[in-house]
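Written out below as structure tokens is the structure these notes cover.
The values are calculated or read from the model by the stated rules, or taken from the named source; none is laboratory data. Small disclaimer: the values here were computed from a predicted structure and weren't measured. Using ideal geometry, Cβ is built from the backbone for each residue, glycine included, and neighbour counts are taken over all protein chains shown. Calculation scope for accessible area: heavy atoms of the full protein, side chains included, ligands and nucleic acids excluded. Shrake-Rupley method; radii C 1.70, N 1.55, O 1.52, S 1.80 Å.
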Amino acid sequence: MLDRPAPAARRKLVEVKGLKMYFPITAGILRRKVGDVKAVDDVSFDIYEGETLGLVGESGCGKSTCGRVILRLYDPTAGSIRIDGTDITETDSETLRKLRPAMQMVFQDPQASLNPRMTVAAIIGEPLDEHSRLSKAEKLNRIYELMDAVGLNRNFANRYPHEFSGGQRQRIGIARALALNPKFIVCDEPIAALDVSIQAQVVNLLEDLQDRMNLTYLFISHDLSMVRHIADRVAVMYLGRIVELAPRDALYERPMHPYTQALLSAVPEPDPEIETVRKRIILTGDVPSPANPPKGCNFCTRCPKVMDICRAVKPPFREVEPGRYTACHLYEDTTTAGRTGAPEAFTSTQQGV
Ligand SMILES: Nc1ncnc2c1ncn2[C@@H]1O[C@H](COP(=O)(O)OP(=O)(O)OP(=O)(O)O)[C@@H](O)[C@H]1O
Ligand SMILES: [Mg+2]
């Protein structure tokens, strides 16, 4: 990962602008619409070819919805999605079907996402049936190739998912996602359901496949240590919005948004000397409902640094330092101050993260 060129020099494979995904809330027998769950509420970011963008945030903040809507598993409420130069925001289902091979998803729970009545060969081969015209022998060859690529024994091709361990089942899910040579894969908590001892193996496999096949990942996780390991850049989500996006090291060493600071302060530090001085930022209050987010900044109800403006005006998501984006009034470019850097008090609170 280290010898990859800087993101700026690379091609944008995924471009997301002003993306919103609202789910209607209905009531009564007539199912009248009474509101919206704003699961994804105006997010914009790019993913460069060959990189891993980590997407982190607490449960329910909209990570999975974001991943699914980018692959057009949902029709977005607003905004645009371009993948490999093609705008897929409003493409019809037939065009979308043709684009499907390029973009795939690996799910959290391999148990639930694999059909228990199909053999491994049938599961991995299913996308080939739909999108390619291989002969029977060619198809079996391709299935074997994919099983080799993910470290599954070919002799198990005729077995059923329940005969495998969790880690092996996730390998089946990965092989299936790879069947049509995708460019972009959304990995939605791909290791969260696995034993800790197996997690690293699956992560190593994903990294290895990425290098070999020049894959681009959106890696969704609430495990900040894992994301630090695998991601080139990291986006932090809170209540449907991205509050900060930065290169991995910059984000972990000097988080800018108060929410990122709080999230990272909860991650244990492997170095015991730093661990003993690590300051935990405890957030008070509940996460507001995505059906009724605050008027100003979505984080204003829990932010330890809240100011008056935060309760009234949504902070724009903007680049505050080269390559670093945040949505926070603390970093507004005030012409009088003339700087956008982190105030002193902020940089010093994060020892050890
Ligand atoms: N199909 C749906 N219909 C209605 N509301 C939905 C639907 N899918 C998700 N939501 C709501 O959207 C919000 C975001 O959910 P989402 O699953 O994207 O969060 P998440 O960040 O992936 O959470 P987790 O870490 O628990 O997987 C939640 O309030 C959820 O209840
Ligand atoms: Mg999820």
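What the table shows:
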| quantity | calculated |
| --- | --- |
| L194, sole failed condition from (1) aliphatic (A, V, I, L, M); (2) in contact with a Gly (Cβ under 6 Å, 6 or more places away or on another chain); (3) away from ligand 1 (no atom under 16 Å from the Cβ); (4) open to solvent by less than 20 Å² (accessible area, probe 1.4 Å) | (3) |
| Any hit, region 148-155, residues being crowded, with 18+ Cβ neighbours inside 10 Å and not β-branched (V, I, T) | yes |
| Top-ranked residue in region 76-87 [being farther than 14 Å from G18 by Cα and not small (G, A, S); ranked as surrounded by the most Cβ atoms within 10 Å (Cβ to Cβ)] | I83 |
| Tally, over region 34-68, of residues that are within 16 Å of ligand 2 (Cβ to nearest atom), of a type in the set (D, E, K, R) and closer than 18 Å to R82 by Cβ | 1 |
| Condition check for D75: more than 26 Å from L224 (Cβ to Cβ), within 16 Å of ligand 1 (Cβ to nearest atom) and at pLDDT 95 or above | yes |
| Neighbours by Cβ (under 9 Å, 6+ apart or cross-chain): first from region 67-81, at negative phi; second assigned to a helix (DSSP H, G or I) and open to solvent by less than 30 Å² (accessible area, probe 1.4 Å) | L73/G67; Y74/T65; D75/V69; P76/V69; P76/I70; T77/V69; I81/V69; I81/I70 |
| Matching residues in region 281-302 - criterion: being over 20 Å from A266 (Cβ atoms), open to solvent by 50 Å² or more (accessible area, probe 1.4 Å) and either within 16 Å of ligand 2 (Cβ to nearest atom) or not polar (S, T, N, Q) (or both) | K295 |
| Helices (runs of 4 or more DSSP H) completely within region 18-117 that count 1 or more residues being over 21 Å from V234 (Cα atoms) | 93-99, 110-113 |
| Long-range neighbours under 8 Å by Cβ, at least six apart or interchain, first residue touching a residue at least 24 places away in the same chain (Cβ under 8 Å) within region 95-121, second basic (K, R) and within 16 Å of ligand 2 (Cβ to nearest atom) | M105/R68 |
| The lone exception for D223 - which of (1) modelled with pLDDT of 95 or more; (2) open to solvent by 10 Å² or more (accessible area, probe 1.4 Å); (3) within 23 Å of R278 (Cα to Cα) it fails | (1) |
